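I have placed the structure first, in the form of structure tokens, so that the comments after it can refer back to it.
Throughout, read-outs are computed from the coordinates displayed, never taken from laboratory work. Since this is a predicted model, take the numbers as computed values, not measurements. Ideal geometry is used to build each Cβ from the backbone, glycine not excepted, and the neighbour counts take in all protein chains shown.
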Amino acid sequence: MRNFILSCLSVALLSSPACKTKAPSAANQNSQNEIILSDKLMPIIKDRDLFAATTELIPIDTCYISGNEIVIHTAKLNACTAQNFTLLWNGSLAKSLPPKVTLKLLLRADTECKEYHKFHLRFNLQDLKNKDQNPGGTVIVRIGGYQKELPCQL
């Protein structure tokens, strides 16, 4: 009798939907939430004409300075690779104390990409050095699309 009861309980537990688990297959996983990290420290491009022509503001969730890097976390965007991003500078410093630098994040379109991702991008702050204007001083960095100013020691 005891074996019969144990057998019935085992069958009931195995057939119960609450006890069944289904491992998610790779096809069911949503790649739309993926965060893509830049695999290298990218340069800041000094180009006055491209800076002036860039009018679209890329939505930025977070931005901070870590050592000689500026790290940018974007909102979810239609993009597939971090190499399609460029951080632009027009080469000038505002005549304020401390001087201010305005940068713009540019995303080059990839017509083949149909996915949405968040990006964690890293750019080299040393590219902002301009010994003639502010040798080794503090600079305030502003990025289009991000509301906070970031103090930086160059």
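Table for the structure above
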{"item": "Table column - 3J(HN,Hα) (Hz), the stretch 53-61, Karplus curve with 6.51, -1.76, 1.60, x for Gly and Pro", "result": "7, 7, 10, 6, 9, 7, x, 10, 7"}
{"item": "K100 versus R142: modelled label distance in nm, points set 7 Å from Cα along the beta carbon direction", "result": "0.3 nm"}
{"item": "Potential extension, I65-K40 segment - 0.36 nm per residue separation minus Cα distance", "result": "7.4 nm"}
{"item": "Violating pairs (Cα-Cα greater than 19 angstrom) within the set K76/K129; K40/K100; K46/K100; K100/K148; K46/K76; K40/K118", "result": "K76/K129; K40/K100; K46/K76"}
{"item": "Estimated distance in nm for a label pair at N124 and L107, the labels positioned 7 Å out from Cα along Cα-to-Cβ", "result": "2.5 nm"}
{"item": "Local electrostatic count at R108 - Lys and Arg +1, Asp and Glu -1, tallied over other residues with Cβ under 15 Å", "result": "-3"}
